Amino acid sequence: MDNSISIAFGTPEHGWLPVDFSYKDFHLDFGASDVLNNPTEELYNAVTKLQDNEVKRITWWLEPEAYFFDFERKGQVITLTIIETDDLHNESAAATELIKITGDNKEIIEPFRYVLKQFSSQTYEENHWPYNLDKNKIKNL
């Protein structure tokens with residue numbers, strides 16, 4: 001059985017990036033805002049610079065809700081924890097762990113590297129998605 005995750009980015013429109021994430025029976029389909037952060041740059045850092053015993057977080061802001069994708073590496077084992085909060089700006093807002101996925105580099109990291117390379121190879125009008133990865137970073141994927 002394939003334990004890889006599946007992730008796809010749609011075409012951004014007016015600062016919203018469509019994200020479709022699946023793992024076995026778990027599915028998220030959402031639009032991430034470009035207002036507070038650059039989630040594609042955060043994702044790049046997580047999939048290319050994650051060190052042993054380190055956690056890197058990607059914040060997908062949904063205004064006001066958010067999803068956090070926390071990547072953690074312990075040796076060859078990588079864990080992706082997805083957390084949901086009702087309000088990113090309210091410290092007392094509930095945060096709920098939705099799923100924890102454990103696997104290796106091929107199962108966890110590679111699908112994100114692939115979708116990021118695919119997405120970053122395209123050009124979008126700045127009013128739709130203002131962030132572009134540097135060409136050297138795209139080569140590193």
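The values are calculated or read from the model by the stated rules, or taken from the named source; none is laboratory data. What you are looking at is a predicted structure, and each value in this text was computed from that prediction instead of being measured. Positions of Cβ are generated from backbone atoms using ideal geometry, with glycine treated the same way; all protein chains shown enter the neighbour counts. To get the accessible areas, we keep the full protein, side chains included, count just its heavy atoms, and leave off ligands, DNA and RNA. Shrake-Rupley method; radii C 1.70, N 1.55, O 1.52, S 1.80 Å.
Applying the selection to the stretch 40-87, what residues are more than 19 Å from D104 (Cβ to Cβ), touching a residue at least 24 places away in the same chain (Cβ under 8 Å) and open to solvent by 50 Å² or more (accessible area, probe 1.4 Å)?
Within the stretch 40-87, E63, P64 qualify.
Test E65 against the criterion of being out of contact with any Pro (no Cβ under 7 Å at 6 or more places or on another chain) and closer than 22 Å to W16 by Cβ, and give yes or no. Full working, then the answer.
On the way: out of contact with any Pro (no Cβ under 7 Å at 6 or more places or on another chain): yes; closer than 22 Å to W16 by Cβ: yes.
In short, yes.
Among (1) more than 16 Å from the chain's Cα centre (by Cα); (2) at pLDDT 90 or above; (3) part of a helix (DSSP H, G or I), which single condition is H128 missing?
(3)
Would you confirm whether any residue within the stretch 31-38 is open to solvent by 70 Å² or more (accessible area, probe 1.4 Å), among the aliphatic types (A, V, I, L, M) and in a strand (DSSP E or B)?
We begin by selecting, within the stretch 31-38, every residue open to solvent by 70 Å² or more (accessible area, probe 1.4 Å); these are 35-36.
Still in the list and also among the aliphatic types (A, V, I, L, M): 35-36.
Those still in the list that are in a strand (DSSP E or B) too: none.
Taking every residue of the stretch 31-38 in turn, none turns out to be open to solvent by 70 Å² or more (accessible area, probe 1.4 Å), among the aliphatic types (A, V, I, L, M) and in a strand (DSSP E or B).
Among the residues in the stretch 122-139, are any among the aliphatic types (A, V, I, L, M), open to solvent by less than 80 Å² (accessible area, probe 1.4 Å) and closer than 15 Å to V19 by Cβ? Full working, then the answer.
Initially, the stretch 122-139 is screened for residues among the aliphatic types (A, V, I, L, M), giving 133, 138.
With open to solvent by less than 80 Å² (accessible area, probe 1.4 Å) added as a condition, the list becomes 133, 138.
Narrowing further to those that are closer than 15 Å to V19 by Cβ: none.
No, that holds for no residue.
Do you know which of the residues in the stretch 1-24 that are open to solvent by 30 Å² or more (accessible area, probe 1.4 Å) and not in a strand (DSSP E or B) is nearest to K117 (Cα to Cα)?
T11
Taking T102 as meeting all but one of (1) under 24 Å from G10 (Cβ atoms); (2) out of contact with any Phe, Trp or Tyr (no Cβ under 6 Å at 6 or more places or on another chain); (3) surrounded by 14 or more Cβ atoms within 10 Å (Cβ to Cβ), write down the number of the exception.
Unmet condition: (1).
Here is a list: I78, I7. Which entry is hydrophobic (A, V, I, L, M, F, W, C) and within 10 Å of the chain's Cα centre (by Cα)? Outline the logic, then answer.
On the way: I78 fails: within 10 Å of the chain's Cα centre (by Cα).
Matching residue, one of I78, I7: I7.
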